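Asker: Here it is: the structure, laid out below.
Values quoted throughout were computed directly from the atomic coordinates according to the rules given, and no laboratory measurement underlies them. These numbers come from a predicted model, not from an experiment. Methodologically, a virtual Cβ is constructed for each residue, glycine included, from the backbone with ideal geometry; neighbour enumeration extends over all protein chains shown.
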Amino acid sequence: MATPLFDRLEALPQTFSHLDAWRANLIATRSPSGDERTVAVDWSFVGTAPVGQEVAILVGGSHIWLDAEPDELASVSPRAFGAYVEGLREAGWRGDERDVRFAYAASAPLYLALLPLWIARNVARREWLERKCGRPIDEVVRGWAILLDHALDLADEAYELVGRLD
């Protein structure tokens, strides 16, 4: 059933992407003139991706590692998406915002659905996860439940959008 999602993602305009842009890999700095800017580090996954996929990784990655508070997801997701589209427009992009929204909605569940299952299957991974997130496993699981619920809502939205975009 995911084939329409993958097919549509592949057909979207592709763009240069960091592909690991979450809070830990984005550092706020000031230029010598005092302007705020963000510097991206850890470019090990760099490549091309559909326009909009990067914001799914930003929101999802920041929440999967609990680098962002789980209860903030409902407000972070639309703000991050809006800022991403605004940045595209400021850079001169004049494409269809529905394509960007589809890529975001389809990519979030594809990236986020399996990682929690892979980690939770093994006690050693759970201990590692507690150290990585700096929280007990019950808080991690609660955060992931919120994230997965959000990802499933986005998957529903992606399936609705894919029919309207063709």
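Asker: Subtract the Cα-Cα distance of ALA145 and ARG37 from 0.36 nm times their separation in residues, and report this length gain in nm to one decimal.
Answerer: Residue separation times 0.36 nm, minus the Cα-Cα distance, leaves 35.6 nm.
Asker: Let me have the 222 nm mean residue ellipticity of the chain computed from DSSP H runs of 4+ only, each contributing -39500 (n - 2.57), with the sum over all residues rounded to the nearest 500.
Answerer: -20000 deg cm²/dmol
Asker: If you don't mind, another one. Can you work out the Karplus-derived ³J(HN,Hα) for every residue in region 63-80? Use 6.51 cos²θ - 1.76 cosθ + 1.60 with θ = phi - 60°, whole Hz, and x for glycine or proline.
Answerer: Rounded to whole hertz, the list is 8, 5, 9, 6, 6, 10, 5, x, 5, 8, 4, 4, 9, 5, 4, x, 5, 5.
Asker: Place a label point 7 angstrom from the Cα of GLU130 along the Cα-to-Cβ direction, then list the residues of region 58-80 whose backbone nitrogen is under 19 Å away.
Answerer: Label zone hits: 65-67.
Asker: While we're here: Can you pull the Rg over Rh of the chain, Cα-only, Kirkwood?
Answerer: 0.98
Asker: Let me ask something else about it. Normalising by the residue count of region 3-165, find the relative contact order in percent from Cα pairs under 8 Å and 6+ residues apart.
Answerer: Once normalised by length, the contact order is 26 percent.
Asker: Give me log10 I(q)/I(0) at q = 0.11, 0.16, 0.17 Å⁻¹ for region 76-157, Debye formula, one equal scatterer per alpha-carbon, no solvent.
Answerer: After summing over all Cα pairs, the log10 values are -0.41, -0.72, -0.78.
Asker: Along the principal axes of its C-alpha atoms, what lengths does region 40-79 span, in descending order and rounded to whole Å?
Answerer: Reported extents, whole Å, longest axis first: 31, 20, 14.
Asker: Another question, if that's okay. Write down the Kirkwood hydrodynamic radius of region 45-117, to one decimal in angstroms, obtained as one divided by the mean of 1/r over all alpha carbon pairs.
Answerer: Every distinct Cα pair counted, the radius reaches 12.8 Å.
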